[in-house]
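Peer 1: I have a structure here, written as structure tokens, and I will follow up with some questions on it.
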Amino acid sequence: MDPASFLAALYLVHFGAAATPGPNTLLVTNMAAGGHRGAAMWAAAGTGAGALLWVAATLGGASALFVAFPRLAMALRWAGGGYLIFLGGQALWAIWRSRRRAGESPALAPTSAAGAFRRGLITNLSNPKSLAYYLSLLVASAAPDAPLWVRVAGGAGMAAISLIWYTILAWTFSRGPVRRAYRRVQPAIAGGTGLLMIAFGLALIFAL
């Protein structure tokens, strides 16, 4: 496969993966629809940075480190799963608290840009299985004699796609009509987001 065809196929597959709902999507859309466009944008930037770090780890041979030290992979899996469970529990707690305090939004939004960026970054990095995903796309799907620049271009493009997609989600879900519709079912959506975060965390811990 020539480099252009490989990169086009790689970007298409990654876009499909990014568009599939997961913890990153839940985090960004919940923040945006809750009226926190700025926080959602920073969270989207954090997810893009996380994708870039996964690409760098893949190209740097981090998979060999996990093979040599399987307990490290297990520790990261438990840490990532625990963080997602924490986020889900935080969302459920916010719903309960909002019922006692009128007007409080149960969105997953921190109070600062740095906090939103950090939350997006950690949410993306909390799944060690992402390393296998990036490795399979960047290495296994490329021709054995493919030059390094092709894999670098592929990784940079994947990170850019993640950043652009989640930024679009942040902008779309923070628009007036979407926010008004969200407010009508906010507790149910926030509760569902919390439960899904917990489910993702448990699935990660127990390798389901």
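Peer 1: At a Förster distance of 22 Å, what's the computed FRET efficiency of Phe15 paired with Leu53, Cβ-Cβ distance as r, to 0.05?
Peer 2: 0.70
Peer 1: What spacing in nm lies between the two simple spin-label points modelled at Ala160 and Ala4, each 7 Å away from Cα in the Cβ direction?
Peer 2: It is 1.6 nm.
Peer 1: Of Thr47, Thr29, Thr167, which has the most accessible area and how do the rest follow, probe 1.4 Å?
Peer 2: Thr167, Thr29, Thr47
Peer 1: Same structure again: Shape call for segment 1-58 from the C-alpha gyration tensor, a ≥ b ≥ c root eigenvalues: rounded (a/c under 1.5), prolate (a/b greater than b/c) or oblate?
Peer 2: prolate
The values are calculated or read from the model by the stated rules, or taken from the named source; none is laboratory data. All figures in this text were calculated on a predicted structure; none of them were measured in a lab. Cβ: placed from backbone, ideal geometry, glycine included. Neighbour counts: every protein chain shown. Note: areas computed on protein heavy atoms with side chains; ligands, DNA, RNA excluded. Shrake-Rupley method; radii C 1.70, N 1.55, O 1.52, S 1.80 Å.
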